[in-house]
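Read the figures in this text as sums done on the coordinates, not as results from a lab. Computed from a prediction, not measured in an experiment: that's the story for all the values here. As a convention, Cβ positions derive from the backbone with ideal geometry for all residues, glycine included, and neighbour counts pool all protein chains shown.
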Amino acid sequence: MGYELEGRMAEVCTCETFCPCAAGLDPDGQVCEFSWVFHFDRGMIDGTEVSDLNLGIIGRLDGGVSSNGTVRAAIYVDERASDAQEQAIMAAFTGQLGGPLADLASLIGEVVSTTRVLIEYDVDKGTGSFRTGDVVSGRMDALRSPDGLPTTMSDFALAPLGSNLYAGTPADFTLDAADIGFDFEPNSATQFEFHHVVA
């Protein structure tokens, strides 16, 4: 049992600057509402291939990663996934297979729903678009240096989200999830690159 996942994750959230949780800091006002979309460029989970599939999560963190905060979340599985692929992805992201994803799963106190939808992901180096069914759609733009290079950060605290971070801003965002208790406008955007190997 184990997994090897390499890919990218796009996040928009209500914090004023890019993901303070990534640096091990608590969110603005001790509350963060967020949308995540994970894309697996290459992936194998417990012998099941999951390359080119996606996973979406919308949620609310009360507290923070440094103060035992908990997340209320809705999970969206790529409708292109087979039953075996869905089971493998959920096993990894609910912490059953250990490793950094188990650390991430430990923050979740309540899963309000798990739904299969079409998920689209086209974000690279902090710029691009994403869509989670009819629930979330968005576009983000990377922050850039004077010479045009995207702003990056590495060696940050929240390893389950990735090994390289691109800071950005949300250029466009819509959310239709008030019926399950999520309704927010994001202030910041962050893209993470990740490569997790758990034997």
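Among the candidates Asp147, Asp172, Asp103, Asp179, the residue that is without any contact (Cβ under 8 Å) to a residue 12 or more places away in the chain and not in a loop (DSSP other than H, G, I, E, B) is uniquely Asp179. Scan segment 171-199 for residues that are closer than 23 Å to Asp103 by Cα, surrounded by 13 or more Cβ atoms within 10 Å (Cβ to Cβ) and β-branched (Val, Ile, Thr) and the total you get is 2. Scan segment 182-199 for residues that are charged (D, E, K, R) and not in a strand (DSSP E or B) and the total you get is 2. Of all residues in segment 77-100, one or more are assigned to a helix (DSSP H, G or I), of a type outside the set (A, V, I, L, M), touching a helix residue (DSSP H, G or I) at 6+ places or on another chain (Cβ under 6 Å) and over 21 Å from Val117 (Cα atoms). As for segment 149-170, it holds no residue that is hydrophobic (A, V, I, L, M, F, W, C), within 18 Å of the chain's Cα centre (by Cα), surrounded by fewer than 15 Cβ atoms within 10 Å (Cβ to Cβ) and farther than 19 Å from Gly24 by Cα.
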